[in-house]
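Data first, discussion second: the structure below is written as structure tokens.
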Amino acid sequence: MTTDRLGELSAAKVAVWLDDLSRVRLSSGGLDQLRREKHMVGVTTNPTIFAKALSDADTYDWQLRDLAVRGVDVEEAVRMLTTYDVRWACDVMRPAYDASGGVDGRVSIEVDPRLAHEAERTVAEAKALWWLVDRPNLFIKIPATEDGLPAITATLAEGISVNVTLIFGLDRYSQVMEAFLAGLEQARANGHDLSKITSVASFFVSRVDTEVDKRLEKIGSDEAKALRGKAAVANARLAYERYSEVFAGDRWRALADAGAHPQRPLWASTSTKNPDYRDVIYVEELIAPGTVNTMPEAVIHAYAEHGETRPDTVTDAYDDARQVFERLAAVGVDMADVIETLEREGVEKFEASWQELLDGVRKSLVAAAQGTGHPGGAAQAGGTA
């Protein structure tokens, strides 16, 4: 008998999501196949994913030609192209949405990352994307920058479901949960049905190890090298501890009594960047009830093949995680600086991908207007969240 490892992961109350989307995946039926066969119940996207999707296929040509004929500017063209794909994906994932009572079956689309430090414009863009996609199982992704926090609250207050992205540190995660609670309280005051609003907090994993490992290698001592590959899991486990504390409190219970769903932790950036590490380490070591793990397709297939599901690999490991942090400090790793660096670089990377996307669509619109077809689309962009 074959082992249904992804089914075991789902039974451990970890929602399996896909960190990728493209029109080829939609038109081929590949997305629906993952939903039906791999227990996949959600989709995340980001500017890097869309930049790559538009670079790899000619399936956008007909829409690009129509947009060129209409004479729309490049930013509006990007909105039309990406929201078309996300709307289609929302329809594909609707069975998972219905089966979970609106908790899963979600598809995320990110606001323009260039607005990461402009709260009012972020909210306006979030509302525009919500209107354009017009599906109840949409998530609007907003980065957890300092200026993003009030935008998260204001967007939730409008009754719009939010995926908070680019969370790297514990203190910022606590601020994100505060923004979520405040947003739901305002939504309730505004007359919204809290049972229709959901949220996830995307806590990035592998990038933490990449940055910390680089610093450990530079330190070079045996004690430092022994800590390679340990920071990311420890960081995420301590984030789950904070989640457990917040969502056991009186403030949350009052919202839950009004029908609210908790803001689930979502483990993002779960592909290993170091080939020496087990390819499913950021899945196996972060199994805890009520979490989401969004994976590139390669990681989904790897887990289906050889992942090991244990009931809970997080809640009994808090003390070990704290010891990792103490040892990192002892060898000279400044985790506060690591987190600040990762947040800044995270926004910069998505801004760069957004610019690649704009540049590629601009070239495609010119080619479409001239009747020369698909010119290669957006510039190549590597990696996902």
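Brief remarks on what is shown
- In the complete set of protein chains, residue-level accessible area for residue 2 is approximately 140 Å², probe 1.4 angstrom.
- Whole-number percent relative contact order across the chain, with pairs defined as alpha carbons under 8 Å at least 6 apart: 24 percent
- Area of residue 132 that stays accessible when all protein chains are in place (1.4 Å probe, Å², to 10): 60 Å²
- Listed cross-link partners 13/52; 38/273; 52/196; 13/230; 52/225; 214/363 are compared with a 26 Å cut-off, the Cα-Cα value being larger for 13/52; 52/196; 52/225; 214/363.
- Burial order of peptide ranges 338-349, 288-299 (average beta-carbon count within 10 Å, highest first): 288-299, 338-349
- Accessible surface calculations at 1.4 Å, restricted to protein heavy atoms, place segment 148-245 at 33 Å² per residue.
- The sum of -39500 (n - 2.57) across all DSSP H runs of n ≥ 4, divided by the residue count of the chain, sets its helix-only mean residue ellipticity at 222 nm to -17000 deg cm²/dmol.
- Under-5 Å amide H pairs with residue 139, H placed in peptide plane, nonlocal only: 107, 108, 109
- Portion, in percent, of the accessible area of the chain that falls on carbon or sulfur, probe 1.4 Å: 48 percent
- Computed with every protein chain present, the accessible area of residue 353 is close to 10 Å² [probe 1.4 Å].
- Remark: accessible surface ordering of 141, 13, 273 (largest first) is 13, 273, 141, probe radius 1.4 Å.
- Hull volume in cubic angstrom per residue (convex hull over the Cα atoms of segment 1-66): 104 Å³
- Hull volume in cubic angstrom per residue (convex hull over the Cα atoms of segment 124-262): 110 Å³
- Helix 148-157 axis versus longest C-alpha principal axis of the chain: approximately 70°, rounded to the nearest ten.
- Residues with amide H under 5 Å from that of residue 294, placed H, sequence gap 5 or more: 17, 267
- For segment 154-236, dividing the convex hull volume of the Cα atoms by the residue count gives 81 Å³ per residue.
- The chain - Kirkwood radius from inverse mean 1/r over Cα pairs (Å): 21.2 Å
- With Cα atoms, 0 to 90° folded angle of helix 206-219 axis to the chain main axis: 60 degrees
The values are calculated or read from the model by the stated rules, or taken from the named source; none is laboratory data. Predicted model, so just to flag it, every value in this text is computed and none were measured. Quick reminder, even Gly has a Cβ in these numbers, built from the backbone with ideal geometry, and neighbours come from all protein chains shown. In case anyone asks, the SASA skips ligands and DNA or RNA and just uses the protein heavy atoms, side chains included. Shrake-Rupley method; radii C 1.70, N 1.55, O 1.52, S 1.80 Å.
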